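First the structure, in the form of C-alpha cells, and then the observations on it.
The values are calculated or read from the model by the stated rules, or taken from the named source; none is laboratory data. Because the structure is predicted, anything quoted here is derived from the model rather than measured. Cβ atoms come from the backbone with ideal geometry, glycine included; neighbour counts cover every protein chain shown. Ligands, DNA and RNA are excluded from the accessible area calculation, which covers all protein heavy atoms including side chains. Shrake-Rupley method; radii C 1.70, N 1.55, O 1.52, S 1.80 Å.
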Amino acid sequence: METVAKVSVIIPAYNRSDYIDQTIKSVLEQTYPNIELIIVDDGSTDGTYEKIKSYGGRLTLLTHENHRNKGQSAAINLGLENATGKYIAILDSDDYWELNKLELQVDYLEKRSGVGLVYTNGYAVDANGNKLYPIYSDAHVEKNNPNEVLLDCYIALPVNSLVRKKVYDLVGEFDETYRAAQDHDMLIRIAEVTELAYFPDFLWYYRRHDDSISS
C-alpha cells in the first residue's frame, strides 16, 4: 500500500492570542490526511503559549531555551530542524488556509518532480477576516526568473507556498540576522536552485492589521 507523503506545517508564534486558534484549526481541519503540525512559540507573553498548549497531542509545541524571544527566523529554523515531512508549509500565526490547500498543493507536486515550490492565489483580509483584495490578478503567471524574485517579493512564502523539504536542505536555514524580510532572502535562494510553479486557486488568507510584522 502506497504511503501518503507527510507534510510538516510550521507555525512561528509570538503574541497572537487573538488569532492563533483560527490559524491552528485551519491546519488541523485540512482534508489532507498526513500532517504534522509544529508550532514554535517565540516567547509569547499574552496567553498565546497557553492556547497552543491546550491542543495537547494534536500538535508539537516547541520553545527556545528559557522561553526566549529570538525572532521569526529562529522560530522557523527550530521548526525545520524538527520537521520530518517530505513537504514543508510555513504559516504565520495570524493567517489561515482554506481546508483543501495542502491536498491540492501536494497533488500538484507529486505529479511534477521538477517543481520545488508551488504557490497559489489568496486574499488579504482585515483583522476580522473580511476580504480586502485578491493577492494576484488574473493575469499573474510564474516566470521562473530569480531576478524577478529579487526585484519583487511577490511570493508570500510563509502562507501560500508548499516546498519540498529537500529544497530547504539544499539552500539552508532562514537568516536569523533578519527580523523581517527573511522570506524574501529565502525566496531568492530557492528560486536559484529549483523550478517554481503557480496555480490560481484562492486557498489562503493574509491578515492585514496594525500589529503584523509587515506593518
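Pairs over the 31 Å Cα-Cα cut-off, from the set 53/143; 6/53; 70/111: 53/143; 70/111. Heavy atoms of the protein chains alone define the surface here; on that basis the chain has 47 Å² accessible area per residue at 1.4 Å probe size.
Among 48, 63, 31, the residue with the largest mean-square fluctuation in a Gaussian network model of the chain, with springs joining Cα atoms closer than 10 Å, is 31. Within the same chain, lysines fewer than 8 places from residue 131 are excluded, and of the rest, those with a Cα less than 22 Å from its Cα are 25, 101. Taking 152, 185, 175 in turn, the Gaussian network model of the chain (Cα-Cα springs below 10 Å) assigns the largest fluctuation to 152. For the chain, what class follows from the C-alpha gyration tensor (a ≥ b ≥ c being the square roots of its eigenvalues): rounded when a/c is under 1.5, otherwise prolate if a/b is larger than b/c, else oblate? Note, shape of the chain comes out rounded. Across segment 136-149, rounded Karplus estimates of 3J(HN,Hα) from the backbone phi angles (6.51 cos²θ - 1.76 cosθ + 1.60, θ = phi - 60°) give 10, 7, 4, 8, 5, 9, 8, 8, 6, 10, x, 5, 5, 5 Hz, Gly and Pro being marked x. Applying 1/(1 + (r/R0)^6) with R0 = 25 Å to the Cβ-Cβ distance of residue 193 and residue 138 gives a FRET efficiency near 0.25.
Placing dummy labels 7 Å off each Cα toward the beta-carbon, the span from residue 18 to residue 185 is 2.9 nm. Using the Cα coordinates of segment 84-212, the gyration tensor eigenvalues translate into equivalent-ellipsoid semi-axes of 22, 18, 15 Å, sorted from longest to shortest. Note that segment 41-49 has calculated 3J(HN,Hα) couplings of 7, 9, x, 4, 10, 10, x, 4, 4 Hz, one per residue in order, obtained from phi through the Karplus relation 6.51 cos²θ - 1.76 cosθ + 1.60 (θ = phi - 60°); glycine and proline are x.
Relative contact order, percent, of the chain when contacts are C-alpha pairs under 8 Å separated by at least 6 residues? So the answer I get is 25 percent.
Close amide H pairs (under 5 Å, H built 1.01 Å from N) link residue 121 with 199, 201, 203, residues at least 5 positions away or on another chain. If R0 is taken as 41 Å, the Cβ-Cβ distance between residue 154 and residue 45 corresponds to a FRET efficiency of 0.75. Note on segment 1-58 and segment 85-116: Cα centroid distance 15 Å, given to the nearest whole angstrom.
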